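Please treat every number below as a calculation from the coordinates, not as lab data. These figures come from a predicted structure and were not determined experimentally. Methodologically, a virtual Cβ is constructed for each residue, glycine included, from the backbone with ideal geometry; neighbour enumeration extends over all protein chains shown.
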Amino acid sequence: MTESQAHGIISGAMGHTSGGFRLTAAQINGDTMTVQPTDGWRFFVNGGKMDCVVDLEHRKCDCGVYAVEKIPCSHATAAGTSVRLHISTLVCPVYSKDFLFAGYSENIYPCVGQQVEERTCFPSEVKRGPGRQKKSRWQSWLELSRMR
């Protein structure tokens with residue numbers, strides 16, 4: 001996989017409407033892996049730290065990362081790209097924007113009988129340390145030469 005192909009996968013995954021997620025470098029490193037289809041949605045992925053059998057239908061991989069995190073590991077990413085699947089379709093829908101919005105769609109009220117204190121919360125006071133403040137940026141050589 002070339003760098004432009006990897007960039008296309010990342011930008012396509014970030015722009016997909018099912019959710020925004022970031023891929024790590026390990027998940028894009030499919031160029032060092034060879035994928036052999038076994039049957040239907042199962043693939044044997046050779047390469048990486050270990051050889052794995054990936055089941056895209058049940059979202060499982062022998063490395064165990066895909067089943068736990070519900071985000072495709074490098075083996076699942078390599079298997080998905082070999083059959084031209086969009087990577088964002090391999091991610092569990094729990095990570096989508098729709099699930100996030102549904103979690104906050106209704107009002108959240110305290111439990112019945114629970115006492116809620118009414119008080120005004122103010123931000124904590126910020127105290128400056130003694131001495132001269134540090135400069136916030138590096139000056140260019142032109143700015144430094146003008147100061148002399």
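Data for the structure
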{"item": "Prolate/oblate/rounded call for segment 44-111, Cα gyration tensor, a/c under 1.5 rounded", "result": "prolate"}
{"item": "Phi to ³J(HN,Hα) by Karplus 6.51 cos²θ - 1.76 cosθ + 1.60 over segment 90-99, Hz, x for Gly, Pro", "result": "8, 7, 4, x, 4, 7, 7, 5, 4, 5"}
{"item": "Residue-by-residue Karplus 3J(HN,Hα) for segment 122-131, coefficients 6.51, -1.76, 1.60, Hz, glycine and proline x", "result": "9, x, 5, 6, 9, 9, 7, x, x, x"}
{"item": "Interchain or long-range residues, amide H under 5 Å from D62's placed H", "result": "V53"}
{"item": "Neighbour cut-off at most 10 other Cβ (10 Å), DSSP loop, trypsin sites (Lys or Arg not before Pro), segment 39-130", "result": "K49, R84, R119, K127, R128"}
